1. If neighbour count is taken as other Cβ atoms inside 10 Å, put SER131, SER99 in order from fewest to most.
2. Longest segment of the chain with no chymotrypsin sites (Phe, Trp or Tyr not before Pro) in a DSSP loop having at most 14 other Cβ atoms within 10 Å?
3. As an exercise, use a Förster radius of 51 Å and the Cβ-Cβ distance of LEU73 and LEU35 to find the FRET efficiency, rounded to the nearest 0.05.
4. In percent, how large is the relative contact order of the chain, given Cα pairs closer than 8 Å and 6 or more residues apart?
5. For the chain, find the longest principal axis of its Cα atoms and tell me its angle to the long axis of helix 3-42, 0 to 90°, nearest 10.
6. For helix 85-114, report the angle its Cα long axis makes with the longest principal axis of the Cα atoms of the chain; keep it between 0 and 90° and round to the nearest 10°.
7. How about segment 106-144: which trypsin sites (Lys or Arg not before Pro) there lie in a loop by DSSP and see at most 12 other Cβ atoms within 10 Å?
8. Rule-of-thumb check for segment 256-314: C-alpha Rg over 2.2 N^0.38 Å?
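Where a number appears in this text, it was derived from the coordinates with a stated rule and is not lab data. The structure presented is a predicted model; accordingly, all values stated were derived computationally and were not measured. Note that each Cβ is placed from the backbone with ideal geometry, even for glycine, and that neighbours are counted across all protein chains shown.
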Amino acid sequence: MSASYRVAMAAAESRPRRLSRWREDHDRFVGFLLLMPLVALILGLTVYPIGQVMHLSMQQQGLFSTEQTFVGLANFQNVLEHEAFTRSVKNSFTFAFGSLSLQMAIGLAVALLLNRQFPLRTPIRGAMLFSYLVPYVVAALTWRFMFSDATGILNYFIRASGLPIAPSPFGSIDWSMFGVIMVNTWKNFPFMVLVFLAQLQTIDQELYEAAAVDGATTFQQFWNITLPSLLPIMLVVGMLRTIWNFNNFEVVFLLTQGGPLGRTETLPLLIYRFVFGEFSLGRGAALAVIVFGILVSMSIVYWILYERMQDRLR
């Protein structure tokens, strides 16, 4: 075999490899170009506003003024030393995790029931979405009217039964937080039902049949088959609902406006008070940055737990 023949053969063999690499580079470049509009949109809708809020948090600016004065970290210091800050942090965690616990417990129980075979299962599943589809304003005002001391339907039945009229929980110092958690749970637990029900239908039924043959009880089947299958998705939706509950403004504002005596004033309501009550954009932005940091920290904790759980399941 001559040297020229070997060179020609090597060139012929390398040509498809060069063509393949060129196609890969071309596809990668085209994919990058197609992603650029989405990247620009994300930067415009998330990164830029976050940067603006961080910039504003170090400025002194009134709500009706465009003049800014750089004050550094003074806004953060004022927020941390504010008399309502510690109380609002406590209220936010109580509201977020109290709502999350009830939503998960009720959502899991309802999902387990709807996963069984029974008559009219499909329309009942659809009816479960009702409260989730109701706007926050309608849900909050409806519950306020139902608990009204004078005209509420719940007090009507209490009065008809001969019992003393119960005060509205939204005006009670002891029960106001429970009241807003209850309404938030009623509004959002169908989300948990949908997620858990979808996950339950992916579990292989042969696992339950084998467990039943081995003599496992219903609780043992739930503990050893159902719950491990649901745990990863429970962590994911738990993180999402924690963020949504922590940022929830509508329910608390419409039901109690943060009262009575600040017992339900969460961090979003305190931001509202700084900006629209005290006309301080700087302090409102500083508190928003603090809330952002809290949520990022909680998200990191959730993802660490999720990764560890995935490693154990593998």
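1. Working: SER131 16, SER99 26.
The order, fewest Cβ neighbours first, is SER131, SER99.
2. In the chain, the maximal stretch lacking such sites is 65-248.
3. 0.85
4. Values: 299 pairs, mean separation 87.8, N = 314.
Computed value for the chain: 28 percent relative contact order.
5. Long axis of 3-42 versus the principal axis of the chain: about 20 degrees.
6. For helix 85-114, the angle is close to 70 degrees.
7. Details: sites: ARG116, ARG121, ARG125, ARG144; in loops: ARG116.
Sparse-neighbourhood loop trypsin sites (Lys or Arg not before Pro): ARG116.
8. Values: Rg = 17.0 Å, N = 59, 2.2 N^0.38 = 10.4 Å.
Taking N as the residue count of segment 256-314, the ratio is 1.64.
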